[in-house]
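Some notes on the structure that comes next.
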Amino acid sequence: MIVRTLEEVAGSEREIRTEHWTSMRLLLEEDGMGFSLHETAIMAGSELPMTYRNHLEAVYCVEGLGEVADVSSGKTHPIGPGTVYALNDHDSHILKALTPLRLVCVFNPALVGPEVHDESGSYPALSAFAVREESV
């Protein structure tokens, strides 16, 4: 059984910060669940174009107001507490935080941990083995 708290993740290598978001990575590939689970805070005013080429993602809004736009259809959907959106086809999208957002995100395959968005708005396809080899 895995039991982990946000307090344990805070300040560890599982807390990833960028200019626009902070991701608390509660479950990662090394935990062996087949997916990763994150609580992510998006700063108000952030507008993030993303396309996860290597992962599928489901996002559940816990707090705040925002919008997610489907780039291919041009349709924009409101995001608020109790809203889920799933990027089931590697969808290009733009997430806009109208207020600070608190989101619970699930990635398949699981993230390793240090990933941040590349220039295309995607996470690289890492493996824990490759990351360990690079650090040796």
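The values are calculated or read from the model by the stated rules, or taken from the named source; none is laboratory data. The structure displayed is predicted, hence computed values, not measured ones. Backbone-built Cβ (ideal geometry, glycine too); neighbour counts: all protein chains shown.
If only residues of segment 75-95 that are outside any strand (DSSP E or B) and modelled with pLDDT under 95 are counted, the one that is surrounded by the most Cβ atoms within 10 Å (Cβ to Cβ) is D91.
Scanning segment 52-68 for residues that are of a type in the set (A, V, I, L, M, F, W, C), over 11 Å from T40 (Cβ atoms) and crowded, with 18+ Cβ neighbours inside 10 Å yields a single hit, V68. Of note, V62 does not satisfy the criterion of being closer than 19 Å to G113 by Cβ and either in contact with a strand residue (DSSP E or B) (Cβ under 6 Å, 6 or more places away or on another chain) or charged (D, E, K, R) (or both). Among the residues of segment 1-54, those that are touching a Lys or Arg at 6+ places or on another chain (Cβ under 6 Å) and not acidic (D, E) comprise R14, R25, L26, H38, A41.
If the condition is being modelled with pLDDT of 95 or more and of a type in the set (S, T, Y), then segment 96-122 contributes only T99. Here's a check for you: in segment 96-115, which residue that is part of a loop (DSSP other than H, G, I, E, B) and of a type in the set (V, I, T) is farthest from W21 (Cα to Cα)? Selected residue: V112. For first residues located in segment 69-97 and more than 12 Å from E57 (Cβ to Cβ), partners that are in a loop (DSSP other than H, G, I, E, B) and of a type in the set (S, T, N, Q) and lie 6+ apart or on another chain with Cβ distances below 6 Å form the pairs A97/S46.
The single condition among (1) of a type outside the set (A, V, I, L, M); (2) closer than 20 Å to P100 by Cβ; (3) modelled with pLDDT of 95 or more; (4) within 14 Å of the chain's Cα centre (by Cα) that G64 does not meet is (4).
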